[in-house]
1. Inspect region 685-698 for any residue being in contact with a helix residue (DSSP H, G or I) (Cβ under 9 Å, 6 or more places away or on another chain) and loosely packed, with under 15 Cβ neighbours inside 10 Å and give the result as yes or no.
2. Among the listed residues 533, 567, identify the single one that is at positive phi and touching a residue at least 60 places away in the same chain (Cβ under 8 Å).
3. Could you tell me whether residue 457 is crowded, with 20+ Cβ neighbours inside 10 Å, modelled with pLDDT of 95 or more and touching a strand residue (DSSP E or B) at 6+ places or on another chain (Cβ under 6 Å)?
4. Residue 481 passes all but one of (1) crowded, with 23+ Cβ neighbours inside 10 Å; (2) assigned to a helix (DSSP H, G or I); which number fails?
5. Kindly list the number of the only condition in (1) closer than 17 Å to residue 156 by Cβ; (2) buried (at least 16 other Cβ atoms within 10 Å of the Cβ) that fails for residue 421.
6. Anything in region 683-705 that is part of a loop (DSSP other than H, G, I, E, B) and more than 19 Å from residue 749 (Cα to Cα)? List them, or say none.
7. Can you name the helices (runs of 4 or more DSSP H) wholly within region 320-417 that have at least 3 residues being at pLDDT 95 or above?
């Protein structure tokens, strides 16, 4: 990869050191890096290492110097043909932005990214003319938030170099008084805390800890033992704990059940026992950690255990299980030595804080570069392809369809120019990086179609009249106009129907029959078209395009997902929506309330029986938030705290990278997904997670049939909903591993079909 770094100067400083280390690491990996700046000691150091450094007066706002830098960079860009141009300060960013804005006029071809090294105050004019590029690397989460808040830069296109657990949430300063109050624990006493799912494959250490609890109390009378988590072994372990408590004459062992505030329990610990995420979170809270779980144990984590822990993702796979004697020995060692506890706590927190190396930083940048290079190109003028769909309405599924189709096409066809018809063109152009046109600006739409080669009617349930009588006419009308203009039309992985009005049936049959390529996402959609009179040989059953997302999930999306679910323990997902929506109106009905009450009852039973935290997921914040909040209230009344994550919303930006990628990673970690919106079900399947489909529309049942899963609850049978959800959950838990394998195999086949849809586009270009 050929990369140009542009900054003001390369003297000693934080940003300059950052550029120095990044350039050195990229160069070591074989990338061709050039640095343009006013020079400095770090430029000299890079030159000694063989890195080309170009001197330009980029260090001042002097207009003469700015012009000299502009023409100097323009000449350099023409001569060298860089893949990526990377600006690290405001003045260089402004100049590169000007050059990037006039790519056609300058005959240049490069992709533009920046790094935000700090927050800074700027006047309104400077804020308006600032150029941030196609992607931004923020050196901290607070700077990322600053870019979103102050500049309106989309969170999806911001990368960060911070990894690991949330060190502010999992902190030694975290207030845990509520935990003590809840369980009637005295602050002056020491606490041994174990956190885990209490299922047969994970609960072994909990049995051993309860068995040795009387010995702990004998040696350390001022100590309490807290077992955090729920699961199928919870009742048996609780009985054991009660016997121990009765024998010692006090509440020695506290069983909390499933909780969502793991951070507070970490903060309350003097000695922590756990594996994987729970161990890392406790380390961030500066606690001494005994790594022990259902797959093995490493004992007290210290410098000697780093390699073994990292190699097994802190799960101890391949190591012997901890016996009661092992645990008692390690607990005793820590409880009797305050200095050791403090020393290990400090080491653990520093280990988490230093999780990133220069190599990991370079990995982040390369991911950003590759994401940029694989995205649709910025352009002015004529588009090759115009995309039409339910874009710009904040629905996570439909926004993902736009992103996935556009990116997949850009990856396959180099230099492809794509324009999209959306409800919010300015916002979506910033978010996606592609040209966007208002779907309601009909002269502009006609103009784009007249100049393009292909119209993609892209994904989703576009040809149906259940939710709106007008939408079918809109999408069909676009296809008719495109054909009248002599353009190719690609009906791309559509869900068809239901279509109830005769006039709409005729219109749909006519435009689909005239299309050049027709693919549908399920067999029911093909049957619907055939019933309308469309030649069945013209129709290919394909797959939803979003199945391609799981093929290219980035590391930053995984980190964001970890952040979203951090501290909630083992969880399942519930995603609901109103039964009917008219335009922007999503008022709840009596039927909604009736069904929601039953879903809430079922969710509460699942949470208590299996020791899982419900995570509520509104897929379209504008429509689904109210009903999701009501579900939270129902669960709260039943004593269950259910966190909520709103993907594709401003509120969710604070959790980090906000995208379908991170959402799929969240669903991948879920024990079960209960989904009502189709793309909640599709995303879960793509992640190979067991899913219960709440069929408010035939398309949900059709998809579940397509993937060979029978866990479908018909919401038309209102009185049976709760019992059916509970029954399905029970069946899934009894054969969860088998179901995951089944869905994984089907999903792989659907990804292959989705890839074939991308290849079909080439026939029309």
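The values are calculated or read from the model by the stated rules, or taken from the named source; none is laboratory data. These numbers come from a predicted model, not from an experiment. Because the Cβ atoms are built from the backbone with ideal geometry, glycine has one as well, and the counts that use them run over all protein chains shown.
1. no
2. Sole residue among the options that is at positive phi and touching a residue at least 60 places away in the same chain (Cβ under 8 Å): 567.
3. yes
4. With respect to (1) crowded, with 23+ Cβ neighbours inside 10 Å; (2) assigned to a helix (DSSP H, G or I), residue 481 is out only on (1).
5. Tallying (1) closer than 17 Å to residue 156 by Cβ; (2) buried (at least 16 other Cβ atoms within 10 Å of the Cβ), residue 421 fails exactly one: (1).
6. 696, 697
7. In region 320-417, 324-335, 338-353 are the helices (runs of 4 or more DSSP H) which contain 3 or more residues that are at pLDDT 95 or above.
Matching residues to (1) assigned by TED's automatic domain parsing to the domain that holds residue 322; (2) part of a helix (DSSP H, G or I); (3) more than 37 Å from the chain's Cα centre (by Cα); (4) without any contact (Cβ under 8 Å) to a residue 40 or more places away in the chain:
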site	(1), (2), (3), (4)
171	no, no, no, no
185	yes, no, yes, no
202	yes, no, no, no
209	yes, yes, no, no
216	yes, yes, yes, no
221	yes, no, yes, yes
224	yes, no, yes, yes
